1. Between A:Gln60 and residues 5 or more places away or on another chain, which pairs have amide H atoms under 5 Å apart, with H built 1.01 Å from N, and which residues are they?
2. Please order A:Leu94, A:Leu61 by the number of other Cβ within 10 Å, starting at the fewest.
3. By its C-alpha gyration tensor, with a ≥ b ≥ c as the square roots of the eigenvalues, how is the range B:67-111 shaped: rounded for a/c under 1.5, else prolate for a/b larger than b/c, else oblate?
4. Which value does Rg/Rh take for the range B:1-148 over its C-alpha atoms, Rh per Kirkwood?
5. Which part of the range A:54-81 falls in the paramagnetic zone of A:Asp122, meaning amide N under 11 Å from the point 7 Å along Cα-to-beta-carbon?
6. When the Cα centres of the range A:45-82 and the range B:78-108 are compared, how far apart do they sit, in Å?
7. Which distance in nm do the two modelled labels at A:Glu102 and B:Arg65 give, with both placed 7 Å along the Cα-to-Cβ direction?
8. Once both labels are modelled 7 Å past Cα along the beta-carbon direction, what's the A:Ile72-A:Trp46 spacing in nm?
Amino acid sequence: MGDYYDIDDILADQQLNVDIPGLATDETRSNGDELQADTTIELPLWMAESLAANDFVELQLPRPYGSRMQRILYASCRNVNFHALCPYFYKFGLKLSLALDEPQLSELLADVYRQRLELVLDAAQRSDAQNMVEFISQLDETEKQTYAIAKKSTQAVRQWQKGDAKLLQSAEILTCFQSAPS
Amino acid sequence: MTSTKPTQQFTLPELEFLAEDTPITIIPTHRMDTLHFISGSYGPFQPPAHIEVPLWLARLLKTKRRCHIQAPTWLNCRFLERKYDEEQRQPDRFSNLPYQYLEIAHVLVTCAEDDIPQSHTIKRLIQDLREIRQSKARAGLAAVNPVYLQMDHLGAVELNEIRPVFCQAFNHLRKLEKDLGDYIVPSYEDTQSTTSYSNY
């Protein structure tokens, strides 16, 4: 899953840290301590995942996906500031749910996305876009993408209705071929 | 670098171009011989006999003041008002309008304003219809599931507008809900009788 070259995907990998008991940190090592079992530290997901695969550590859900947050999302997800929680809330959540084998997390995320989709579209199709800045800043990157796409296509229709888009232009693919060196 | 990947949607002028093939009735004001085009021959034009031509030809003749355009049967206030009522009465389905109603109305209202009775009211009604249908399409999109989405009687422009959003949302949801083990696809007949887009 995931796209190897997708920069968003790579960033999502680094986003939050997973709590891991059972591994020493730099601090403990500089204090001369041995590796202590049952300590909880945070690691980037890419490292935590491979450590867990080898049974060195046990993974726990980070706070933005913990049971308290899940209860909040079940109650109402409309006013949650996802961007503050994690800019790649969905992508990272999906990785987590696969890494920790918790399918109900990704199902919850799908539900949340669906409920917020209508709000996002609503914001994109309104004409008074200035008032929506605050709402937009609370969206996660995936939702922002959806917002941008919806806004672009709505604006195209609006422009056409005003009569601003009269000319039939040659297709993008043709201009690409024309500009390409022969 | 520009990508060579074709875009997911048509541009609006392209949609307008496609809609211009719709046949429409005109009343010529001048006598003319048959006109020959690659797409076919139209004429002879003998006023005041009605004749059916494609919309692009009607628009051309109209701008040269050689004909009057007869508005299609659905492009009048009474019909559109009835459709608007229908839209309001049924919050979960779209009324049956011509597939390209927005484009045809746009072309006719801009080029043949004087031939269409109450063109201002019609403009407003079309806009009202578009807005109420847009909000329905939005609600329908929110009911998207990773299997399919059904919205009957959606127009070309409206479809084109939601297509890129839908594709993105659909792909995203499919990644999240990969496990579709016991997912039952509702049959077409079931959804027909209840709502026009699925709520499952």
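Read-outs: derived from the displayed coordinates by stated rules, not from any lab. Quick caveat, the model's predicted, so the values are computed rather than measured. Quick reminder, even Gly has a Cβ in these numbers, built from the backbone with ideal geometry, and neighbours come from all protein chains shown.
1. Those qualifying (amide H under 5 Å, at least 5 residues apart or on another chain) are A:Asp19.
2. If I rank by nearby Cβ atoms, fewest first, I get A:Leu61, A:Leu94.
3. Working: a/c = 3.11, a/b = 2.12, b/c = 1.47.
Note, shape of the range B:67-111 comes out prolate.
4. Working: Rg = 18.6 Å, Rh = 17.6 Å.
Expressed as Rg/Rh, it is 1.06.
5. Within reach of a label on A:Asp122, which here means backbone N under 11 Å from a point 7 Å along Cα→Cβ, the range A:54-81 contributes A:78-79.
6. Cα centroid of the range A:45-82 versus Cα centroid of the range B:78-108: 47 Å apart.
7. 7.6 nm
8. Calculated label separation equals 2.9 nm.
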